[in-house]
Each structure stands twice: as structure tokens, then as C-alpha cells.
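Q: Here it is: the structure, laid out below.
Rule-based calculations on the coordinates, nothing more; no lab input. Given the structure is predicted, the values throughout are model-derived calculations rather than measurements. FYI the Cβ positions are ideal-geometry reconstructions off the backbone, even for glycines, and counts take in every protein chain you see.
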Amino acid sequence: MQLSILFKGRTEQLEIDDGADLSELHDAAGLLFGLVDMTIKLIQRGKTLPTTGRIAAHAKPGAKLMMVASARAAMADEPRADPTVRGFEHDLADAAARCHEVAAEELGEWGDTGARRGEYRFCRLEPCTWQSFGTRAGTSTPHAFEARKLLLKLSTDPAVVAILKQREWVVGVLGEMDPLDDRLAHKTHQQGKCLLGYNTNQGARIDVRLRTHDLSGFLPYPQLIETLLHEMAHNMVGPHDDHFWHLFVQLKVDYLRFHRDLSASGALVAGRSPLAVSGVADQVLDVRSSVLLALEHDRQEGPPSQMQVSLLDGYLAATDRKRVV
Ligand code: NI
């Protein structure tokens, strides 16, 4: 059968035998784009294809697949088909990769939300180094320690964790965007209006700008979450088109409903309400209005179109009865 593989904005056709295994498809897709020693993920209509099994059981002829590639080390503890045949080199590579990973026992403000277990998660956190700020005379800004704590809080927010698991998304690195890095500013300018963050190679890494413009502190947590949800939506959709904004809206609905239901369930985080820790107590009172406001604010093109409002109402109605916690 023939399949279309989309990678970094380029589409290539791939001819493969119907009876072939998905592992062969992953290898062939990587080779098609000249990728060596990379972990390949193939996504069909928002779902990650399994890495083994007959192709014909998972994809139809002519299917369009999106490919995500990441350095093997970053995905080192992804489950493999047969762990018993892994060699010593693999173990060394894994050990090296783990040094840079978030330790399983490291808990942030949210406590243990299961964020560090399982396949769908942020694999690593990268705050800006103190050198990055230390070279700027006269700046007084929170230490990288504090930035790392904030990245940990964002990546272990139980609503974010639930979204990653439900949508089967993996993000290699959650990094802090250096607000004064000209190179990055240029890059974000090219991508449009994402001045608060960017997504590299469909989730290989997401960088979020944490600090205020004058660097004196951090942006409010709910605002950082909004940026993070925006960048997570870029895992699936590159351009800021109607598909993108509808996905952003879905993530925002899911986020608010999760925290609303978690608080309603009586759960506490170190003695505090999850709504107090997430700072969205006011937003969950009227999820629909809050999401429309976020859409208008984030899209920066005036009030949402009638179509966007209808899509939101459709999603709210379709997911109304589903308890998310
Ligand atoms: Ni964007």
C-alpha cells in the first residue's frame, strides 16, 4: 500500500507491503527522510501508531501519517518490543539519558500526580542557566532553581498530565525560553505570534517564556499554563489555522473541567484546594466564557468567529457527561 508521510512540513510517499510489520514501517519512514539513530513516532489522526503489529490492521492505503523524530537518548525509557535482547550499549545510553531526566522521586508543588511514570509525559526539564542571566549587568531575576521548580509544577499539573495521557502525547523537553535570546526571538517571529513560547519538531521540545519582561519575576501560573496548552496544540497542528484554534479550545476546556472536577471531588494538594494551586478558581465558574476569552486573547484577532464558537459549543456538549477526574 502507499502511505503519505509528513515530516517538518514535507510530505513524501512511501510504498510498503500490506503484510509488513509496523516496525518496518517506522524504519522505512525514518530512512525516507534520512534520519539515523532517531526514535520515530507515527501519528494518524492524532493517535500514535503502535510500533509493532501488521500494518494493514492499523492503516488504510493512502493514509496520511505525521512523523515525529527525536534523539534516541531523550526517549530512552520508552518501552521496547523486546527488552531482553537489548545490549549493553543500550543500557549505557539509557543510564546517560536518565542523568538528565527528572528523578522519579522529585516532586513539585503538585505532589505525586503520576506525571513521571508512563510513556506520555515531559521527559526532561531545562531552565535557563544562571550564566544566561548573570552576563547581563544590573539584572536581578529569580535563580534557575526557582525556574526549574516552576517547570516541574507545569509539567506535573494533574490536568496537564491527564491531557498528555488522554491524547497520548510525549514531549521530549520542557524548557525555559530565554526572553532576551535574539536568536530565539527571531525564530518565534518567523512562526507568527508565539512570542511566549514555541514548539520544536512537533513536541520534541516545548519552550515557555517564564519570566516577566523586566525579568524581575515570573509570569502568573495560569498565564504560563495557557502558553503551555497553546504549544501542546502545536504537537498536532503547525499553523495558527481553524484546526489549531479548535484544538487549543479543547485543551483549555479539558484543563478547566479537570480542575473543577478535581476540586469538587474533595481532593487536596498539601492541604490546599487544587483550584488555589492552579489559580483558575474564577475561570472554572464559567468554563465556556473563560475559554472564549482565552481564545480571543491568544488569537489576537478580535472576537472568535461564529464557527469557532459553534465548534466550542459542540465540544462542550459532546464531552459534557464525561467526568474527567
Ligand atoms: Ni503558536
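Q: For the charge dipole of the range 244-302, defined by +1 on Lys and Arg C-beta atoms and -1 on Asp and Glu C-beta atoms about the Cα centroid, which residue among V291, L268, V280 has the Cα displaced farthest towards the positive pole?
A: My answer, from the dipole projection, is L268.
Q: Using mean Cβ contacts within 10 Å as the protection proxy, how do 8-19, 50-61, 165-176, 214-225 order, highest first? Mind showing how you got there, number by number?
A: Working: 8-19: 11.0, 50-61: 13.8, 165-176: 19.8, 214-225: 15.8.
Per-residue mean Cβ counts within 10 Å order the peptides as 165-176, 214-225, 50-61, 8-19.
Q: If you plug each phi of the range 197-213 into the Karplus form 6.51 cos²θ - 1.76 cosθ + 1.60 with θ = phi - 60°, what whole-Hz ³J(HN,Hα) values come out, in order, with x for Gly and Pro?
A: x, 7, 10, 9, 6, 6, x, 4, 7, 10, 10, 10, 7, 8, 8, 5, 4
Q: In nm, to one decimal, how far is the modelled label at A267 from the one at A20, with both set 7 Å along Cα→Cβ?
A: 4.2
Q: I've got another one for you. In 10 Å bins starting at zero, report the fraction of Cα pairs in the range 208-312 per bin as a rounded %.
A: Cα pair-distance distribution for the range 208-312, in percent: 14, 42, 33, 11, 0.
Q: Pull up all non-local amide H partners of L125: gap of 5 or more, or a different chain, and H-to-H distance under 5 Å with H placed in the peptide plane.
A: V102, L174
Q: Sorted from fewest to most neighbouring beta carbons within 10 Å, what does the list D21, D242, D320 look like? Present the calculation step by step, with values, prior to reporting the outcome.
A: Working: D21 16, D242 13, D320 8.
Going from least to most buried by this count: D320, D242, D21.
Q: Another one. Tell me, in nm to one decimal, what length is gained between A56 and A276 on full extension, where the rule is 0.36 nm per residue of separation less the Cα-Cα distance?
A: Working: separation 220, 0.36 × 220 = 79.20 nm, distance 4.86 nm.
Taking 0.36 nm per residue and subtracting the Cα distance, the gain is 74.3 nm.
Q: Suppose R0 equals 25 Å. What FRET efficiency, 1/(1 + (r/R0)^6) with r the Cβ-Cβ distance, do Q44 and H297 give to the nearest 0.05?
A: On the way: r = 32 Å, r/R0 = 1.29.
The value I calculate is 0.20.
Q: Under a plain spin-label model, where a point goes 7 Å from the Cα along Cα-to-Cβ, how far apart in nm are L35 and E126?
A: Label-label distance for L35 and E126, simple model: 1.7 nm.
Q: Scale the Cα Rg of the range 1-55 by the rule-of-thumb value 2.2 N^0.38 Å and send over the ratio, two decimals. Let's see the in-between values first.
A: Details: Rg = 10.6 Å, N = 55, 2.2 N^0.38 = 10.1 Å.
Ratio of Cα Rg to 2.2 N^0.38 Å: 1.05.
Q: Set the bar at 28 Å for Cα to Cα. Now go through K8/K165; K8/K47; K64/K149; K8/K60 and name every pair that lies beyond it.
A: K64/K149
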